[in-house]
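Have a look at the structure below, then the notes.
The values are calculated or read from the model by the stated rules, or taken from the named source; none is laboratory data. Quick caveat: nothing in here was measured; it's all calculated off a predicted structure. Glycine gets a Cβ as well: all are built from the backbone with ideal geometry, and neighbour counts include every protein chain shown.
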Amino acid sequence: MCRPRVTLEGMTATAARTAVTASPGASPGSTQTRPWPEPGIVDVLAAASRLAGLVERTPVESYAELDRVTGASVLVKHENLQRTGAFKARGALNLLLTLDEAVRRTGVVAYSTGNHAQGVAYAARHTGTRCTIVMPQGPNPVKERAVRDLGAEVVLHGATFDDARVYAEQLAGRSGARLVGAANEPAIVAGVGTLYLETFLQAPGLDVLVVPVGGGSGAAAAALVAAAVAPGVEVVAVQSAASPAAHDSFHAGELVARPNASLAEGLATGTGFALTQQMMRGRLTDFVLVTDEEIADAQRLYLTAAHTVAEGAGAAALAAVVGQRERYAGRRVGVICTGGNASAAELRRCLDV
Ligand SMILES: Cc1ncc(COP(=O)(O)O)c(C=O)c1O
């Protein structure tokens, strides 16, 4: 007998119908004992439907040299080729598309070292939403320029991501704008989940998926989608040892603050975040650290072996696979290249080591 083919289009159409009838905070995946309302797979499917045509279905590629260096069969999901140059556009668009008209008129405020900022600015332009972005002083100039070009107002404040967050909270409190956080946002996690739906469709038969972490929206989404559609696949999260707050929060089982000195902006957070930590708990196979030097080596490997410009955070998953060869050798490994917005100084640094 001929079985009906399961397609993303079919799944998303059903989900879109289901999602509108689901009550807020009662989506599948949330449980009574978990205090934050979690998005479920139905929310990810609804996001895929909402985002169709607004984000790229980025390619998955393999490269002989990456396989040789790692001993694994490496499949790179190229979110460096996503609109805005990073996966963050998916989550921001999904969130802004679900805001009320009145909220859009008052506007949104976000804080970011760059890619979340670009994602929110891109989504704000698409939805006609007023947008202010707080970035720490001295941001990656590529990212700052891109945010301004997208029409957002940029405020530079503080030395770190966490300083920018506090200031953005104050701004939103004063103006009544909707604060768009980087991690404690179910709609952002659901939007980011579309990246993993695509990955599992494009790269069937993965043994393990390796995902970089800053605030944790990517890894939380990966863990959620893997559990729902590819439950045998291991999900390994990676952060920089120079900014280990998410890693340490995961292993401690509580939110902790840590020094935040990674040069890989997307990984540079100083605290764990409640929603994403809650979602990673019990779902991730492991959470590991790599050094900033290993990340720079992986950026160089992307350049020379895969004609790919990866920013530091975008190269962290590959760094983890190169650094733990024995864990991955002989396996089919999905590596998310989450972003390509490297500054000239960053590229120079990785070529000079
Ligand atoms: C390129 C890139 N990769 C990974 C991350 C980490 O993502 P998350 O904050 O969802 O953990 C970020 C965060 O900004 C990023 O910009």
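Residues that are surrounded by fewer than 24 Cβ atoms within 10 Å (Cβ to Cβ) and within 13 Å of the ligand (Cβ to nearest atom) within the range 119-139 comprise Pro136, Pro139, listed in sequence order. Taking the conditions (1) in a helix (DSSP H, G or I); (2) more than 16 Å from the ligand (Cβ to nearest atom); (3) not hydroxyl-bearing (Ser, Thr, Tyr) in turn, Val44 satisfies each one other than (2).
The lone criterion from (1) over 16 Å from Ala220 (Cβ atoms); (2) part of a helix (DSSP H, G or I) left unmet by Val288 is number (2). If you go through the range 230-243 and pick out every residue that is closer than 24 Å to Asp162 by Cα and surrounded by fewer than 24 Cβ atoms within 10 Å (Cβ to Cβ), you end up with 2. If you go through the range 107-118 one residue at a time, do you hit one that is at pLDDT 95 or above, over 24 Å from Thr276 (Cα atoms) and either touching a helix residue (DSSP H, G or I) at 6+ places or on another chain (Cβ under 7 Å) or buried (at least 17 other Cβ atoms within 10 Å of the Cβ) (or both)? Among the residues of the range 107-118, at least one is at pLDDT 95 or above, over 24 Å from Thr276 (Cα atoms) and either touching a helix residue (DSSP H, G or I) at 6+ places or on another chain (Cβ under 7 Å) or buried (at least 17 other Cβ atoms within 10 Å of the Cβ) (or both), which makes the answer yes.
Would you confirm whether any residue within the range 233-248 is closer than 21 Å to Leu75 by Cβ and assigned to a loop (DSSP other than H, G, I, E, B)? So far as the range 233-248 goes, yes, one or more of its residues are closer than 21 Å to Leu75 by Cβ and assigned to a loop (DSSP other than H, G, I, E, B). Can Val142 be described as outside the structural domain of Ala316 (by TED's automatic domain parsing) and away from the ligand (no atom under 13 Å from the Cβ)? So Val142 fails the test. Within the range 72-117, can you find the residues that are farther than 21 Å from Ala310 by Cα and assigned by TED's automatic domain parsing to the domain that holds Leu197? Selection gives nothing.
Only a single criterion out of (1) within 16 Å of the ligand (Cβ to nearest atom); (2) within 18 Å of Ser343 (Cβ to Cβ); (3) hydrophobic (A, V, I, L, M, F, W, C) is not satisfied by Leu156, namely (1). For first residues located in the range 208-227 and in contact (Cβ under 8 Å) with a residue 60 or more places away in the chain and on the phi > 0 side of the Ramachandran plot, partners that are small (Gly, Ala, Ser) and part of a loop (DSSP other than H, G, I, E, B) and lie 6+ apart or on another chain with Cβ distances below 8 Å form the pairs Gly216/Ala183; Gly216/Gly272. Specify the residue that is surrounded by the fewest Cβ atoms within 10 Å (Cβ to Cβ); the eligible residues are those in the range 191-229 that are among the β-branched types (Val, Ile, Thr), more than 15 Å from Leu45 (Cβ to Cβ) and within 14 Å of the ligand (Cβ to nearest atom). Once the filter is applied, the top-ranked residue is Val210. Within the range 290-301, residues that are assigned by TED's automatic domain parsing to the domain that holds Pro212 reach partners that are modelled with pLDDT of 95 or more and of a type in the set (Asp, Glu) with beta carbons closer than 8 Å, at six or more positions or on different chains, in the pairs Gln299/Glu311; Leu301/Glu65. For the range 183-201, the count of residues that are more than 18 Å from the chain's Cα centre (by Cα) and within 30 Å of Tyr328 (Cβ to Cβ) is at least one. Here Thr338 fits the description: within 14 Å of the ligand (Cβ to nearest atom), crowded, with 24+ Cβ neighbours inside 10 Å and among the polar types (S, T, N, Q). Residues that are at pLDDT 95 or above, under 21 Å from the mean Cα position of the chain (by Cα), closer than 20 Å to Ala315 by Cα and assigned to a helix (DSSP H, G or I) occur in the range 119-130; there is at least one. Only residues that are over 28 Å from Cys350 (Cβ atoms) and touching a helix residue (DSSP H, G or I) at 6+ places or on another chain (Cβ under 8 Å) were counted across the range 250-271, and they come to 3. A search for C-beta distances below 7 Å between a residue of the range 177-192 that is more than 17 Å from Ser49 (Cβ to Cβ) and among the aliphatic types (A, V, I, L, M) and any residue that is part of a loop (DSSP other than H, G, I, E, B) and within 10 Å of the ligand (Cβ to nearest atom), counting only pairs 6+ apart in sequence or on different chains, returns Ala182/Ser112; Ala182/Gly215; Ala183/Gly215; Ala183/Gly216; Ala183/Phe273.
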